[in-house]
Amino acid sequence: MIQEEKTVVLELLGVEKSYPGNPPVRALRGIDLLVRKGELLALVGTSGSGKSTMLNVMGALDRPTAGNVLIEGQDLSNLSDRQLSSLRGRRIGFIFQQFHLIAGMSAVENVSAGLLYQGISRSRRHSNAITLLHRVGLGDRLAHLPHQLSGGEQQRVAIARALMGEPAIILADELTGNLDSKTSEEIIDLLHQLNRDGSTIVVVTHDGAIAHSFPGMVTLLDGLVANDSRAA
Amino acid sequence: MTRKMGFSRISFADAIGVGTLGLRTRKTRTMLTALGIAIGIAAMISVLGITSSSDAQLKSELAALGPNLLEITPGESFTGAEVSFPEDASKVVERIGTVESSSAVFVVNTSVRRNEFIPKQQTGGIAALAVDLEMLSMIDGAVAEGQFLDLSSASLPKVVLGSVAAERLGITSTRRSPQVFLDDTYFTVIGILAAAPLAPNIERAALMGVEIAAELFDLQPEPSLIYARVNESLLDDQRRFDETRSVIAASVLPDAPSGVSVSRPSDLLAARTSTQNAFTGLLLGLGAVALLVGGVGIANVMVISVIERRTEIGIRRALGALRGHIRLQFVFESALLAALGGVAGIILGALITVTYASSRDWVISVPTTSLGAGVGLAVAIGTIAGLYPAARAARLDPAEAVRPRV
Ligand SMILES: Nc1ncnc2c1ncn2[C@@H]1O[C@H](COP(=O)(O)OP(=O)(O)OP(=O)(O)O)[C@@H](O)[C@H]1O
Ligand SMILES: [Mg+2]
């Protein structure tokens with residue numbers, strides 16, 4: 001009953017994705033998925049099962065070949081590239097395995113870039129960014145450049161960037177893939193913390209321990225949902 | 001629920017920050033790439049600057065010499081017959097209200113030789129002229145060696161040589177009282193004139209007093225040349241200036257004014273220098289080629305930069321940047337890169353001009369419009385060079401761009 005009342009943040013309806021080739025690669029073969037507000041969901045599956053592809057489609061970075069993606073009730077299939085870009089900037093936070101901080105920009109500037117394309121004043125973005133850096137435990141690394149930070153610290157900066165502007169959903173692809181186990185644990189703890197504070201998060205991982213620590217887990221197999229722990 | 005959704009946007013200040021990031025983080029590359037444009041712009045600015053300085057120098061020289069000097073010579077009447085001036089032509093000219101002063105020059109029919117052993121035909125193009133004592137100040141001439149004719153020497157067998165005449169006769173000093181041979185009389189050289197660009201006739205002549213010329217030679221009583229200085233106020237009023245010219249012609253030969261040629265030596269001199277323009281054009285062309293090469297260099301570096309920064313572009317798209325924002329970022333970066341080169345180029349070009357002009361003691365003149373045009377041209381080249389790389393950057397598929405690289 002309570003579950004039903006929670007708003008749906010993201011919905012996939014019969015989503016398919018093929019990459020051109022001979023024969024074409026059918027990376028997603030008809031996915032239905034629902035993500036509700038406040039969820040912390042793990043997306044697991046063997047290599048090549050379509051996890052990254054699915055995450056890109058969920059985040060409007062890529063268009064599905066067939067099916068519909070709805071973000072906060074809005075069907076993306078009719079949106080122009082400009083509209084999709086704007087929606088990404090406003091409603092989606094991305095975290096990548098390779099951190100992807102912008103070289104030459106300080107931690108604050110990188111986090112602040114989370115709202116760069118929203119026309120918000122630099123000073124407001126900077127003060128938000130500083131607050132978020134404190135929240136991810138990097139209050140003493142504000143002016144550091146990416147190459148002056150450890151991998152774990154870089155990923156915290158990336159997390160803070162994803163949090164900028166309170167997105168509807170945060171999508172993370174193998175965010176601990178480049179980190180040692182202790183640092184991974186800290187990052188995952190941080191995600192739990194953010195989720196408790198209200199963030200909706202989907203994490204692609206092939207680390208079983210991490211996946212099992214999450215309240216929900218969806219398993220992909222050959223471009224199809226093989227198991228959804230929440231259905232049980 | 002359909003949300004009312006505006007498009008992503010970026011403030012002007014932030015766009016500047018984004019557009020300069022690539023240059024700020026790759027300083028060496030920025031400098032080397034901008035250098036190409038800088039060389040092209042510097043070449044063009046210095047060519048223009050040196051030409052303009054040389055013009056300015058000429059103008060100031062002409063101004064110093066006096067653009068109010070007129071040269072009045074007999075030409076041809078409309079029937080084609082050669083005309084000659086009345087004996088008192090110089091005085092007639094001087095009586096005209098707008099004429100300040102005048103001075104007559106007479107041709108002396110004699111050859112001028114170094115000594116009696118040189119054949120008569122070998123005169124080296126040196127004329128003998130009889131002049132009055134005011135002639136030198138008339139043409140703003142100066143004595144380089146010795147002295148000019150005075151009341152006493154004007155009636156003695158003494159000559160003053162024009163600069164070219166002295167050189168052709170091989171006389172460089174008056175200290176040992178060198179002599180030249182005219183018809184069958186040795187004349188003592190008492191002075192050598194400095195170059196007188198306004199009066200090439202005088203530069204190529206041996207000058208003597210009218211009295212001695214009349215005494216020793218067959219002197220034509222009609223002046224063959226009259227120098228006149230008109231009132232300076234005419235220089236700012238072309239109509240009155242032209243009027244004075246006609247009045248001079250009509251006064252000298254009331255029956256055949258068209259047979260009087262009234263020219264301004266400074267005009268001829270100014271016209272002669274414009275022949276340098278072909279060479280200037282060639283140098284400008286070389287500068288343009290350097291610019292073109294610089295532009296290709298920028299395009300090349302920008303393409304490399306787009307490839308290197310694929311992930312950054314992907315991230316920006318993930319953060320909401322529109323294709324237009326990405327395009328703007330790279331076009332701006334490219335234009336800025338060229339603008340840096342342009343600014344360095346105009347500074348360098350101006351320095352070259354100043355150094356060259358001052359080494360020649362010229363008036364320094366760097367046309368300010370060429371400075372503005374130099375930077376403008378650089379920006380235009382940078383913008384064009386950036387269009388293709390920027391379009392490539394904007395076309396990148398965001399999902400592709402954020403994929404981990406192998
Ligand atoms: N750009 C592409 N062009 C062609 N095929 C692609 C492309 N991207 C992915 N694929 C194919 O689609 C399938 C799914 O790829 P995807 O990256 O989504 O897998 P994944 O589950 O994230 O794997 P991993 O755990 O190794 O990251 C794979 O078979 C892959 O080869
Ligand atoms: Mg993957």
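The values are calculated or read from the model by the stated rules, or taken from the named source; none is laboratory data. Since we're looking at a predicted model, the values are computed, not measured. We place every Cβ from the backbone using ideal geometry, glycine too, and count neighbours over all the protein chains shown. Calculation scope for accessible area: heavy atoms of the full protein, side chains included, ligands and nucleic acids excluded. Shrake-Rupley method; radii C 1.70, N 1.55, O 1.52, S 1.80 Å.
With a cut-off of 8 Å between alpha carbons and a minimum separation of six or more residues, what is the relative contact order of chain B in percent? Show your work: numbers first, answer last.
Details: 716 pairs, mean separation 118.5, N = 406.
It comes to 29 percent, rounded to a whole number.
Report the antiparallel proportion of the DSSP beta bridges in the protein assembly as shown as a percent, rounded to a multiple of 5.
Here the share of antiparallel DSSP bridges comes out near 65 percent.
Taking the Cα centre as origin and putting +1 on Lys and Arg beta-carbons and -1 on Asp and Glu beta-carbons, what dipole magnitude results for the range A:94-166, to the nearest 20 debye?
Dipole about the Cα centre, nearest 20: 140 debye.
So, with +1 on the Cβ of K and R and -1 on the Cβ of D and E, and no other charges, what is the size of the charge dipole of the range B:251-406 about its Cα centre, to the nearest 20 debye?
820
So who's got an amide H within less than 5 Å of the one on B:Glu100, skipping anything under 5 residues away but keeping other chains? H placed 1.01 Å off N, in plane.
Close amide H contacts, sequence-distant or interchain: B:Arg229, B:Val230, B:Asn231.
Using amide H atoms built in the peptide plane, which far-off residues or other-chain residues are under 5 Å from A:Gln118 H to H?
Sorted by chain and number, the residues that satisfy this are B:Arg9.
Residue by residue through the range A:55-62, which ³J(HN,Hα) values in whole Hz follow from phi under the Karplus form 6.51 cos²θ - 1.76 cosθ + 1.60 (θ = phi - 60°), with glycine and proline marked x?
4, 4, 5, 4, x, 6, 7, 9
Picking from B:Ala393, B:Ser358, B:Leu319, whose Cα lies most toward the positive end of the charge dipole for the range B:317-406 (charges on Cβ: Lys, Arg +1; Asp, Glu -1)?
B:Leu319
Taking a probe of 1.4 angstrom, what is the accessible area of A:Ser199 in Å², to the nearest 10?
We get 20 Å² for A:Ser199.
Using a 10 Å cut-off around each Cβ of peptide A:88-94, what is the average number of partner chain Cβ atoms that fall inside?
Numbers: counts 7, 10, 5, 3, 3, 2, 6.
Across A:88-94, the average partner-chain Cβ count within 10 Å equals 5.
Which residue fluctuates the most in chain B, going by a Gaussian network model with Cα springs under 10 Å, if the choices are B:Gly294, B:Gly66, B:Gly17?
B:Gly17
Can you tell which of B:Phe330, B:Phe85, B:Phe279 shows the greatest fluctuation in a Gaussian network model of chain B with Cα springs below 10 Å?
B:Phe279
Counting each DSSP H run of 4 or more residues in chain B as -39500 (n - 2.57), what helix-only mean residue ellipticity at 222 nm follows after dividing by all residues, to the nearest 500 deg cm²/dmol?
About -17500 deg cm²/dmol.
In whole Hz, what ³J(HN,Hα) sequence does the range B:203-220 give by Karplus (6.51, -1.76, 1.60; θ = phi - 60°), x for Gly and Pro?
4, 9, 10, 9, 9, 9, x, 5, 4, 5, 5, 5, 6, 9, 10, 7, 8, 5
Which value, in debye to the nearest 20, gives the size of the charge dipole of chain A about its Cα centre, when Lys and Arg are +1 and Asp and Glu are -1 at the Cβ?
Using Cβ point charges on Lys, Arg, Asp and Glu, chain A gives about 620 debye.
How much accessible area per residue does the protein assembly as shown have, in Å², with a 1.4 Å probe?
46
Applying a 10 Å radius around every beta-carbon, put A:76-83, A:180-187, A:147-154 in order of their mean neighbour count, most first. Intermediate values should be presented prior to the final figure.
Working: A:76-83: 13.2, A:180-187: 14.9, A:147-154: 16.5.
The densest-packed peptide leads the list: A:147-154, A:180-187, A:76-83.
If the limit is 31 Å between Cα atoms, which of B:Lys120/B:Lys158; A:Lys17/A:Lys37; A:Lys6/A:Lys182; B:Lys59/B:Lys120; A:Lys6/A:Lys51; B:Lys91/B:Lys158 go over it?
Violating the 31 Å limit, Cα to Cα: A:Lys6/A:Lys182; B:Lys59/B:Lys120.
Along the charge dipole of the range A:19-80, Cβ charges K/R +1 and D/E -1, which of A:Pro23, A:Ile71, A:Leu55 sits furthest on the positive end?
A:Pro23
Could you work out the local net charge near B:Glu82, counting Lys and Arg as +1, Asp and Glu as -1, over the other residues with Cβ closer than 14 Å to its Cβ?
-2
Ranked from the most accessible area to the least, with a 1.4 Å probe and all protein chains present, what is the order of A:Asp207, A:Asp222, A:Asp228?
I get A:Asp222, A:Asp207, A:Asp228, largest accessible area first.
Can you give the average number of partner chain beta-carbon atoms within 10 Å of each beta-carbon in peptide B:318-329, as a whole number? Walk me through the numbers on the way to the answer.
Details: counts 16, 17, 16, 7, 8, 3, 2, 3, 1, 0, 0, 0.
Partner-chain Cβ atoms within 10 Å, mean over residues of B:318-329: 6.
With all protein chains present and a 1.4 Å probe, how do B:Met44, B:Met302 order by accessible area, largest first?
B:Met44, B:Met302
Which order, highest average first, do B:375-388, B:89-102 follow once you tally other Cβ atoms within 10 Å for each residue and take the mean per peptide?
B:375-388, B:89-102
Give the accessible area for A:His134 in Å² (nearest 10); use a 1.4 Å probe, count only protein heavy atoms, and leave out ligands, DNA and RNA.
The accessible area comes out at roughly 110 Å².
Who wins for biggest fluctuation among B:Ser163, B:Ser84, B:Ser233 in a Gaussian network model of chain B, springs between alpha carbons below 10 Å?
B:Ser233
What ³J(HN,Hα) values, in whole Hz, does the Karplus curve 6.51 cos²θ - 1.76 cosθ + 1.60 give for the range A:215-229 when θ = phi - 60°, with x put for Gly and Pro?
x, x, 8, 10, 10, 9, 9, 6, x, 10, 6, 8, 7, 10, 4
Taking amide hydrogens as modeled 1.01 Å from N in the peptide plane, which residues meet the under 5 Å criterion relative to A:Leu10, leaving out close sequence neighbours?
Residues meeting the amide H criterion: A:Val35, A:Glu72.
Count, for each residue of A:77-83, the Cβ atoms from other chains sitting within 10 Å of its Cβ, then give me the mean as a whole number.
Per-residue shielding by partner chains comes out at 2.
Based on DSSP H runs of at least 4 residues, each adding -39500 (n - 2.57), what is the mean residue ellipticity at 222 nm of chain A after dividing by all its residues, to the nearest 500 deg cm²/dmol?
Estimated from H runs of four or more residues: -10000 deg cm²/dmol.
Once the dipole of the range A:119-199 is set up with Lys and Arg at +1 and Asp and Glu at -1 on Cβ about the Cα centre, which of A:His126, A:Leu194, A:Gly152 lies farthest towards its positive end?
A:His126
Taking the alpha-carbon centroid of each part, what is the distance from the range A:59-138 to the range B:1-74 in angstrom?
Between the Cα centre of the range A:59-138 and that of the range B:1-74, the gap is 39 Å.
Please list B:Glu116, A:Glu174, B:Glu87 in order of solvent-accessible area, largest first, computed with a 1.4 Å probe with all protein chains present.
B:Glu87, B:Glu116, A:Glu174
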